[in-house]
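For reference, the structure discussed in these notes is given below.
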Amino acid sequence: MKKNNHIIGLALLLLLAASPIRAQILSRGDLFGPGAPPPMIGIELGLGSHIQSGTFQAICKCEFAGGSGNGFLGGLLFELPVSYEWTFGLGIKFDFKHFTTSTIVHDTAVVNYVEKDSIASGPFGFTRNGSVKETFLVLAPFVRYEFFRNGFFIQAGPGIGFLLSSNFTHTRELNSSTIKLDNGDVVTGVRFENGTRSEMLESGKIANVVSTRISALVTAGWDIPVGDNAVIAPMITYDFPFTTVRPNLVGINGAADWKISSLYFTVGLKYKLD
């Protein structure tokens with residue numbers, strides 16, 4: 001009987017000793033064995049600086065190049081650490097890209113003097129303004145390496161963007177309301193046919209736009225603990241595009257390697273799933 005009591009007592013001691021060990025492992029949120037922090041969920045918000053490369057044509061066959069602008073980025077994050085250094089993750093984001101581009105055009109105005117039966121001409125200039133907007137739903141899986149716990153990290157992965165909307169607006173604006181003719185006369189109050197110094201030439205969805213955008217996303221950031229269960233992470237991300245905004249077509253609505261690259265400045269707020 002005493003022997004049985006000793007065995008029962010030893011078993012109870014082993015169970016009590018094992019319970020805190022098991023609780024400690026589970027509390028770390030480790031899905032792959034000891035040595036990894038818990039999974040995290042969060043949000044990412046920030047701004048993007050967008051730069052146009054290549055050229056594109058409006059319906060007038062006039063070309064636009066060298067555009068730049070800013071836009072908003074916001075979305076959700078999920079991170080699954082497999083160790084204190086390596087993490088797999090997924091971002092689901094809305095990316096609002098916007099940039100503008102301008103080009104100065106020099107042209108010649110011709111004035112017909114009916115009463116003099118003569119013609120005079122003079123130079124004038126106007127500016128073509130192009131505004132491009134695209135909105136994407138982006139899936140961004142990534143792999144992250146953290147150099148030391150709760151510190152500097154780098155991550156990389158593809159960006160797969162699905163186009164939700166697009167718009168191209170083309171306007172032109174007179175640079176001066178005065179034209180000096182070659183016969184010495186000066187014409188003032190110059191206007192377009194609509195009676196103003198600016199007019200809308202095109203506005204609407206980008207013709208022949210590519211609906212899926214593929215890019216490479218490379219990020220550097222810093223995890224800053226906020227309390228026991230939250231982290232703030234300022235990040236800088238470069239978006240290198242592989243696909244064009246529109247195919248490289250010839251003629252009307254043509255494009256030559258027209259792409260948008262981006263640099264994002266964002267902040268992630270993440271919570272541990274303990």
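The values are calculated or read from the model by the stated rules, or taken from the named source; none is laboratory data. No experiment lies behind these values; they were computed from the predicted model shown. Cβ coordinates were reconstructed from backbone atoms using ideal geometry, including for glycine residues, and neighbour counts include every protein chain displayed. Note: accessible area is taken over every heavy atom of the protein model, side chains too, but ligands, DNA and RNA are not part of it. Shrake-Rupley method; radii C 1.70, N 1.55, O 1.52, S 1.80 Å.
In table form, for the structure just shown:
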| item | result |
| --- | --- |
| Those residues of region 152-178 which are assigned to a loop (DSSP other than H, G, I, E, B) and within 24 Å of S261 (Cα to Cα), in sequence order | none |
| Selection within region 199-235 - more than 16 Å from the chain's Cα centre (by Cα) and among the charged types (D, E, K, R) | E199, E202, K205, D223, D228 |
| Residue match in region 187-204 (condition: farther than 22 Å from N175 by Cβ, of a type in the set (K, R) and out of contact with any helix residue (DSSP H, G or I) (no Cβ under 6 Å at 6 or more places or on another chain)) | no |
| Filter pass, V105 being in contact (Cβ under 8 Å) with a residue 60 or more places away in the chain, in contact with a Phe, Trp or Tyr (Cβ under 6 Å, 6 or more places away or on another chain) and open to solvent by 30 Å² or more (accessible area, probe 1.4 Å) | yes |
| Strands (runs of 3 or more DSSP E) wholly inside region 32-148 containing at least 2 residues that are more than 17 Å from the chain's Cα centre (by Cα) and over 30 Å from L164 (Cα atoms) | 86-113, 118-146 |
| Residues satisfying the stated conditions in region 179-215, i.e. closer than 30 Å to Y238 by Cβ, part of a loop (DSSP other than H, G, I, E, B) and not small (G, A, S) | K205, I206, N208, V209, V210 |
| Boolean, Y238 is under 14 Å from the mean Cα position of the chain (by Cα) and open to solvent by less than 40 Å² (accessible area, probe 1.4 Å) | no |
| Tally, over region 110-132, of residues that are open to solvent by 20 Å² or more (accessible area, probe 1.4 Å) and of a type in the set (G, A, S) | 3 |
| Among residues of region 133-164, those that are open to solvent by 60 Å² or more (accessible area, probe 1.4 Å) and in contact with an Asp or Glu (Cβ under 9 Å, 6 or more places away or on another chain), counted | 8 |
| Set T212, T196, T178: member being open to solvent by 40 Å² or more (accessible area, probe 1.4 Å), modelled with pLDDT of 95 or more and of a type in the set (S, T, Y) | T212 |
| Inter-residue pairs, beta-carbon under 8 Å, first farther than 30 Å from L163 by Cα and among the β-branched types (V, I, T) and in region 187-211, second in a loop (DSSP other than H, G, I, E, B) and open to solvent by less than 30 Å² (accessible area, probe 1.4 Å), 6+ apart | V187/L181 |
| Positions within region 119-149 being free of Cβ contacts under 8 Å to residues at least 24 places away in the same chain and either of a type in the set (G, A, S) or in contact with a His (Cβ under 6 Å, 6 or more places away or on another chain) (or both), in sequence order | none |
| Only one of L174, L164, L249 that is farther than 25 Å from E134 by Cβ and touching a residue at least 24 places away in the same chain (Cβ under 8 Å) | L174 |
| Unmet requirement for G221, which otherwise passes all of (1) at pLDDT 90 or above; (2) over 20 Å from G74 (Cβ atoms) | (2) |
| Flag for K270 being open to solvent by 80 Å² or more (accessible area, probe 1.4 Å), in contact (Cβ under 8 Å) with a residue 24 or more places away in the chain and of a type in the set (D, E, K, R) | no |
| Selection within region 219-235 - part of a strand (DSSP E or B) and either open to solvent by 10 Å² or more (accessible area, probe 1.4 Å) or of a type in the set (S, T, Y) (or both) | T219, A220, W222, I224, P225, V226, A230, I232, P234, M235 |
| Region 241-273: number of residues that are in a loop (DSSP other than H, G, I, E, B), over 18 Å from T101 (Cβ atoms) and under 15 Å from the mean Cα position of the chain (by Cα) | 2 |
